[in-house]
Each structure stands twice: as C-alpha cells, then as structure tokens.
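Data block below; observations after.
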Amino acid sequence: MRIALDSPTRRTLLVLSALLIALPYLVWVQAHFRASLWAQVLDLQGLQRATALEPSNPDYWHLLGRYRLFALQEPQAASTDLQHAISLNKNVSRYWMDLATAQRVLGNIKQQQQALEQAVRIDPKTPQIAWEAGNFFLADGQTEKALDNFKIVIENDPIAESAALDLSWRATHDVNLVLSHAIPPHFRPHLDLIAVLVQNRQPDAAMTVWREMMRLDGTFNVQSAIPFVQFLMDQHHVDDVQEVWAGLSRLSASLRHSPPEGNLIVNGDFEEDIIPGGLSWRLNLIPATLTAEVDDREFHVRSNSLFLNFKGSPFADSGISQYVPVKPNSRYELLFDVKSQEIESANGPRLIVADAYTGVPLSLGEEWQGTHVWTGDHLTFTTGPDTRLVRVLIGRSPAFGLIRGKMWIDYVRMFEM
C-alpha cells in the first residue's frame, strides 16, 4: 500500500511516527554510551552509574565487583556484585574466578572451590584460568587438583610452562606425582622438567623422568639432551650417563660406537656428523692455536678423517677429546691411524688418556713429528680402583715451544683387554 504525502499534515504525521518508533532505540543508545563513559572512569561512582544506566550488562557489574574487591578491599560487597554479574551471564570464567577470590578472602572455602570448579568447567583449556585455579588449589592443600591444572598450562602455554614445571616440583618434591598429574605425554615437557631438576641438582629424579620419557613413541632432537648427560657426568653418575647415552644412540647414528664390535669410541671413523658434548667428540678449540675439521679427501679406512692444522702457538690440550666410561682396575688398548705433514715442534702432539675426574694421565702415546704416511699406532693403560670415566685427548706433554704443521687422525678404537 502506498501512502500519499501530498499534504503538509501527512508529512508531519509520518515524521512524528518515525520519531516515536526510533525513540526507544535512541534512548538505549545514549544510555549505553553514557554507561560506557562512566565505566571507563574506573572509580566507585563511575562504575555505580554505569550499572544504574545499564543494569542488564554483566560486564559493568563484574568491573564494579573487581573494584570493590581489589581497590576498596570490600569482599562482601564485591561478592554480591560478582554474583549479580554471574546471574546475568553464567558462562564467563573470569566472573567465577574473581568470585572465588572474594569467597576465599571471606573464608568461604566451599563456595570458593565451587566457583573455581565452575570456572575450569567453562574454560577447561585456557592456561590463564588453569594457572590461577592451580594456585588456588595448591594454597588449599589440594595438590593433585593443582597439578592437574598446571598440566593444562604446560600443554598449552610455552611461555608459562617453565614456571608451572618449577612450581610443580617445588610444591611437591615428588617426581612421580608430578609425572602422573602435571606432565603431558610429549617429549618437550619431559625434557623441560629434566632441565628444572638439573637446575635443582636432582639427578635421581631426573633419571626417573628420563626413563618415563623413553617409553614415549617418536623422536626428539638428541642435542637437547646433551646438557643432561654433562650434568650426570659432573655428578659422577657414570652408570646413568651410559643409560642415557644408550637411549640417545638409538635415535642418532652420530652418537653410536663405531664398529667393530666392542669398540668404546663414539664415531671413531668420523663418518657421521659430530654432535659435540656428552660421550661424543668435543672440539673446544682456540682458533689462534689450531683448526680442526672433518676431511673427506684424506682418509685411511672409509671416507673421512679428522684434520688438524697447527698454527704455531703452544698448547698442552688441543681441546679435541672424548670421554669414555670404563671399569675400575681394568686394562684397555687404544688404537688409531695417523698421518702427519711437516710437523715442527720440540714437543709434538700425541694421544693422551687421563682420569676424567682427577686429570691424572694414565697413558701417553708417541709424539708425532715431521711427515709420515698413514700409520697405525696404539697405547695401553690400566684404570685405578676408582676410575670410572677417562678422557682421550690430543695434547702435548711437555707443552713447551711453538708447533706448526698438519696431521690427520682416523679409525679411533678402544677395547677392554
């Protein structure tokens, strides 16, 4: 139906009708606008005016409750406002968390726990909610519930993970409890928990985590576990070192003992990439003294050797070494192939075997001087009653004078005799 607007009266009536229809909306808009302005003031008067202008808006009641709770320290009034916000919208976890805080201040532990459980039920995977709930449960002595919430943090928030792991350990000092409630079945949190335990110097607890981790399917970056191996070595836990290394070597050929069977040297033929540290080769070189690299053009047995270029500066320890677990009161033989080119020094380089913890040499190999084609060499040594770990290194003894020249070493093996 078309309405004719051919007279001033009809046009006026139409405008008035439109205004009457729009008026409630305009009133609501201005009230909403004024309420939002008052809410931004963030003081008691402003928030009260905001709730008066928009009494059905739960956010304003929540803000008023938070202000009473944290700024005015009025937990009872805050609880009333927060409960009003919840009555308007029961599905906001933050409302419930703040209500839990108010109830705790009031000493209403049962009501606090109900509010916490409701917040977690609404947002079961939100790390911030889980972190706060975990701390509440921990303060109330509900350790397992706390750890269950910290597990959500560990699984979903890489930034907060370290704090959650550290708190889980400090709150319990029970690694089995932490593993069963706080650690997801993934490599990363296990390795990070090991790092926390290493920092707290807890080798036995760290080994418990390691054994649990090795039951998981899949792989991880073996380099991330090298600091753990070093920690165990520093703690003289040689048996644990061997256990961890055996697990790592199943994941990386670079960490395996070179053939033949019974050889105790890792990657002694230099065919695999060198992953430094632990029981692998260490290349802690001083650049002004020498350089070292794997050479695939000069070799004796397979297709690689380790090339060393001495630059002149004197040294006692080249920085090239490998730690090897051994048995006390046992005899060993170390074999290797060497080639040298124009080595000039009063005291040439040699292979040295020393006790890893005391530094006392157990055997000195022959010096390498001048120029020689590939030659097989060896040395023997006997461990003492307390020797569990030895260090095989390229060094000089005595270490006087300059040294220049080049050498290659290949096919390093060690066997118990």
Problem - Test for residue 184: is it within 19 Å of the chain's Cα centre (by Cα) and modelled with pLDDT under 95 - result: no
Practice task
Determine which single condition residue 207 fails, assuming it passes every other condition in (1) surrounded by fewer than 20 Cβ atoms within 10 Å (Cβ to Cβ); (2) not in a loop (DSSP other than H, G, I, E, B).
Solution key: (1)
Practice task
Determine if the stretch 55-68 includes at least one residue that is closer than 30 Å to residue 181 by Cβ and more than 32 Å from the chain's Cα centre (by Cα).
Solution key: no
Fill in the blank from the handout: Per the filter on the stretch 333-362, residues among the aliphatic types (A, V, I, L, M) and at pLDDT 95 or above are 334, 335, 338, 343, 351, 352, 353, 354, 356, 360, 362
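Which one of 148, 59, 81 is modelled with pLDDT under 90 and assigned to a helix (DSSP H, G or I)?
59
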Exercise for the section: Mind listing whichever residues of the stretch 258-294 are of a type in the set (D, E, K, R) and either in contact with a Pro (Cβ under 8 Å, 6 or more places away or on another chain) or buried (at least 16 other Cβ atoms within 10 Å of the Cβ) (or both)? Expected result: 269, 271, 272, 282
Exercise for the section: Examine the stretch 251-269 for a residue that is more than 21 Å from residue 328 (Cα to Cα), among the aliphatic types (A, V, I, L, M) and either in a loop (DSSP other than H, G, I, E, B) or in contact with a strand residue (DSSP E or B) (Cβ under 7 Å, 6 or more places away or on another chain) (or both), and state whether such a residue exists. Expected result: yes
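Examine the stretch 291-308 for a residue that is within 23 Å of residue 320 (Cβ to Cβ) and within 24 Å of the chain's Cα centre (by Cα), and state whether such a residue exists. Explain how you work it out, then say what you get.
Within the stretch 291-308, the subset within 23 Å of residue 320 (Cβ to Cβ) is 291-308.
From the residues that got through so far, the ones that are within 24 Å of the chain's Cα centre (by Cα) too are none.
Within the stretch 291-308 (the criterion being within 23 Å of residue 320 (Cβ to Cβ) and within 24 Å of the chain's Cα centre (by Cα)), the answer is no, since none of the residues qualifies.
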Handout entry: Pairs, first charged (D, E, K, R) in the stretch 307-320, second surrounded by 16 or more Cβ atoms within 10 Å (Cβ to Cβ), C-beta under 9 Å, six or more apart
Key = 311/289; 311/290; 311/403; 317/352; 317/393; 317/394; 317/395; 317/396
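The values are calculated or read from the model by the stated rules, or taken from the named source; none is laboratory data. What you are looking at is a predicted structure, and each value in this text was computed from that prediction instead of being measured. Positions of Cβ are backbone-derived with ideal geometry, glycine not excepted, and every protein chain shown enters the neighbour counts.
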